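Remarks on the structure that follows.
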Amino acid sequence: MTSLNRIVLNRESRRLLRGLDLAAMDAAEISGHWAEGMAFRSYRQFRYPEWDICAAPFAQDGKPLKFDMILANQVWEHLDRPYAATRNVLRMLRRGGYFWIAVPFVIPFHGAPVDCSRWSARGLRNLLIEGGFPPDHIQSWQWGNRAAALRNMEPDWPPENDPATDDLTDDPGFPILSWALARKL
């Protein structure tokens, strides 16, 4: 089953990304495999903290790695230096490249290995601007509601989606998570 927290995120983000020419893109995903199986020209995974995006842009054999798309799903909240990491992502993108990022907002503390930050859609947009992305080339969203927030307080976390009872209506005043797509010029 899928976590209640990710139903809308997954649906809307996959629709957004499928609107891009993925077949022409070399993609990298930081700490996860959310985008594995999408129709990218090439796809690589980099596990944090083995590959520390806070320290420097990724390189191999002394050469900086470049990508058309970098994805980070539910990892930025675990970074000690998310602003430095965002600047490093920008340096790893080719001109016209995209950074898709998703982060939690109202969920329990979850140290893996640490838990440091939370962002609303506006906060995520500000993070991306501070990281060097042009404001006119950032789109950000958030989703959540009070019922989903209450489900996040259950002992078995994260809550699995129950289509029969879970309300996916968005309450802009109660976001559970945020996501954004930023483009480098």
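Table for the structure above
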| read-out | value |
| --- | --- |
| Selection count where residues are acidic (D, E) and either more than 19 Å from Q74 (Cβ to Cβ) or at pLDDT 95 or above (or both), scope the range 121-155 | 2 |
| Any pair with Cβ under 7 angstrom, 6 or more apart, that starts in the range 75-95 at a residue that is free of Cβ contacts under 8 Å to residues at least 60 places away in the same chain and ends at one that is in a helix (DSSP H, G or I) and surrounded by fewer than 21 Cβ atoms within 10 Å (Cβ to Cβ) | Y83/E130 |
| Selection count, the range 128-185, where residues are of a type in the set (K, R), over 19 Å from A84 (Cα atoms) and touching a Lys or Arg at 6+ places or on another chain (Cβ under 8 Å) | 0 |
| Residue match in the range 69-86 (condition: under 13 Å from A28 (Cα atoms), surrounded by 14 or more Cβ atoms within 10 Å (Cβ to Cβ) and either touching a helix residue (DSSP H, G or I) at 6+ places or on another chain (Cβ under 6 Å) or among the basic types (K, R) (or both)) | yes |
| So I70, is it in a strand (DSSP E or B), β-branched (V, I, T) and in contact (Cβ under 8 Å) with a residue 12 or more places away in the chain | yes |
| Candidate set: the range 132-185, residues that are within 17 Å of W100 (Cβ to Cβ), among the hydrophobic types (A, V, I, L, M, F, W, C) and without any contact (Cβ under 8 Å) to a residue 60 or more places away in the chain; chosen: the one surrounded by the most Cβ atoms within 10 Å (Cβ to Cβ) | F133 |
| One residue from R91, R125 being of a type outside the set (A, V, I, L, M, F, W, C) and surrounded by fewer than 18 Cβ atoms within 10 Å (Cβ to Cβ) | R91 |
| Matching entry among W51, W34 (being aromatic (F, W, Y) and either touching a helix residue (DSSP H, G or I) at 6+ places or on another chain (Cβ under 7 Å) or surrounded by fewer than 19 Cβ atoms within 10 Å (Cβ to Cβ) (or both)) | W51 |
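The values are calculated or read from the model by the stated rules, or taken from the named source; none is laboratory data. Predicted model, so just to flag it, every value in this text is computed and none were measured. Neighbour counts run over all protein chains shown; Cβ positions are idealised from the backbone, glycine included.
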